[in-house]
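Heads up: the structure comes next, in structure tokens.
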Amino acid sequence: MSVQIKITKTTHSKLNEVDFNNIPFGKTFTDHMFEADYINGEWQNAQIKPLTEIPVHPGNMAWHYGQAIFEGMKATRDEAGNALLFRPKEHSIRFNKSAERLSMPHVPEDLFLDAIHTLVDLEKAWIPPQTGSAMYIRPFMISFDHTIGVKPSDTYKFMVFVLPVGPYYSQPVKLMAFPEYVRAVVGGVGEVKAAGNYAASLFPAAMAKKEGYDQVMWLDGIHHKFIQEVGTMNIFFVIGDDIITPNLDGAILKGITRDSAIKILKSKGHNVIEKPISIDEIIEASNSGRLKEVFGTGTAAVVAQVATIKYNDVIMNLDTSHVPVSTMVKDTINGLRNRTVEDTFGWIVPAKGV
Ligand code: COI
């Protein structure tokens, strides 16, 4: 399938209103968006146009039964001003895995990638040049039928918009693990990017916030002791000489930054172990002084160091002034993204409009 994308450009760019040194995450949108409609079993009307609201019927099934999926990606630029995408094909693959799980149609890889390449190329002047800042790319799909009744929709909308963003976390994060709330169970939708996963996380996240914690560190839904992930990130523990991250058991989001971090760490000779790890093992490692670093990985966060973990009455504080492992991963990803680190992995793809 080769898609024709119709492009209508804005006559009123808002670019000169943006202060790239002060961009709150998720609030500043660029001038254009991509949209395509799935009607009669086919993707059609692929177009880029000035960013605007979309008319949605109150009976839209996405609002009632939750057929809504998304991706988070980033574009950066090199010194020459070229827009660079990070592992875009992996995001396309994961998007379609999310679509399958929620009984939504695939977005063909060339449609997904052409939409992103063309939109990012058009908006590349919006990519902040500062290291750690980027253009966040948000592809998403929602059902578009208006019918009351639980069944898959027949029509869908696939859209992409982009935002210049600064760092998601400006300082090391504090995590709280609850014995009583769970994010996902094996067999559910936890390993894909279903919008509802994030809705379900909000109430426990608010409880953690009330106690001064930034995010929930989720424990598994059966034993309530094995660590899964953090609200917006996968998680890694440096214990002695090992780097341990929970294995992808079907309930944990298949993070692309997680995968990148594992490959970077292994390429530098680190011993990375993917296995179930319980909160009790973390407490024990902390008590014995073997818990050296904890960090999260995600597209928005990139790599975020963890300062504190709370579980019941136990509070574990980490020394975030000496975090060589997570700093190396973060610097490598940021360096790959602005081409100051050689891309031996083949992850960086220049954005080219079609
Ligand atoms: C991302 O890291 O891209 C996410 O989707 C997490 C969050 C911003 C929802």
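Kindly check whether there is at least one residue in the range 182-196 that is away from the ligand (no atom under 16 Å from the Cβ), among the charged types (D, E, K, R) and either modelled with pLDDT of 95 or more or touching a strand residue (DSSP E or B) at 6+ places or on another chain (Cβ under 8 Å) (or both). No; the residues of the range 182-196 include none that is away from the ligand (no atom under 16 Å from the Cβ), among the charged types (D, E, K, R) and either modelled with pLDDT of 95 or more or touching a strand residue (DSSP E or B) at 6+ places or on another chain (Cβ under 8 Å) (or both).
Residue-by-condition table, conditions (1) over 30 Å from Val162 (Cβ atoms); (2) among the hydrophobic types (A, V, I, L, M, F, W, C); (3) in contact with a Phe, Trp or Tyr (Cβ under 8 Å, 6 or more places away or on another chain):
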site	(1), (2), (3)
Gly255	no, no, no
Leu265	no, yes, no
Ala285	yes, yes, yes
Gly298	no, no, yes
Ala307	yes, yes, no
Val329	no, yes, yes
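If you take the residues of the range 151-171 that are within 13 Å of the ligand (Cβ to nearest atom) and of a type in the set (Ser, Thr, Tyr), which of them is nearest to Ile54 (Cα to Cα)? Checking each candidate, the answer is Tyr168. Here Met104 meets the list (1) more than 21 Å from His32 (Cβ to Cβ); (2) more than 15 Å from the ligand (Cβ to nearest atom); (3) surrounded by 22 or more Cβ atoms within 10 Å (Cβ to Cβ); (4) in contact (Cβ under 8 Å) with a residue 60 or more places away in the chain almost entirely, failing just condition (4). Asp259 falls short on exactly one of the conditions (1) within 16 Å of the ligand (Cβ to nearest atom); (2) surrounded by 22 or more Cβ atoms within 10 Å (Cβ to Cβ), and that condition is (2). Here is a list: Phe25, Phe95, Phe112. Which entry is at pLDDT below 95 and of a type in the set (A, V, I, L, M, F, W, C)? From the options Phe25, Phe95, Phe112, the qualifying one is Phe25. Within the range 277-354, considering only strands (runs of 3 or more DSSP E) that don't extend past its boundaries, which have at least 2 residues that are within 16 Å of the ligand (Cβ to nearest atom)? Strands (runs of 3 or more DSSP E) meeting the threshold: 291-298, 302-311.
Tell me yes or no: at least one residue of the range 217-229 is β-branched (Val, Ile, Thr), closer than 30 Å to Lys89 by Cα and at pLDDT below 95. Within the range 217-229 (the criterion being β-branched (Val, Ile, Thr), closer than 30 Å to Lys89 by Cα and at pLDDT below 95), the answer is no, since none of the residues qualifies.
Ile137 - would you say it is buried (at least 19 other Cβ atoms within 10 Å of the Cβ), assigned by TED's automatic domain parsing to the domain that holds Gly66 and either in contact (Cβ under 8 Å) with a residue 60 or more places away in the chain or under 22 Å from Val56 (Cβ atoms) (or both)?
Values: buried (at least 19 other Cβ atoms within 10 Å of the Cβ): yes; assigned by TED's automatic domain parsing to the domain that holds Gly66: yes; either in contact (Cβ under 8 Å) with a residue 60 or more places away in the chain or under 22 Å from Val56 (Cβ atoms) (or both): yes.
Judged against the criteria, Ile137 is a match.
Looking across Phe86, Phe70, one residue alone is buried (at least 23 other Cβ atoms within 10 Å of the Cβ), assigned by TED's automatic domain parsing to the domain that holds Asp114 and within 16 Å of the ligand (Cβ to nearest atom). It is Phe86.
The values are calculated or read from the model by the stated rules, or taken from the named source; none is laboratory data. Predicted model, so just to flag it, every value in this text is computed and none were measured. A quick note on method: Cβ atoms are made from the backbone with ideal geometry, for glycine too, and the neighbour counts reach across all protein chains shown.
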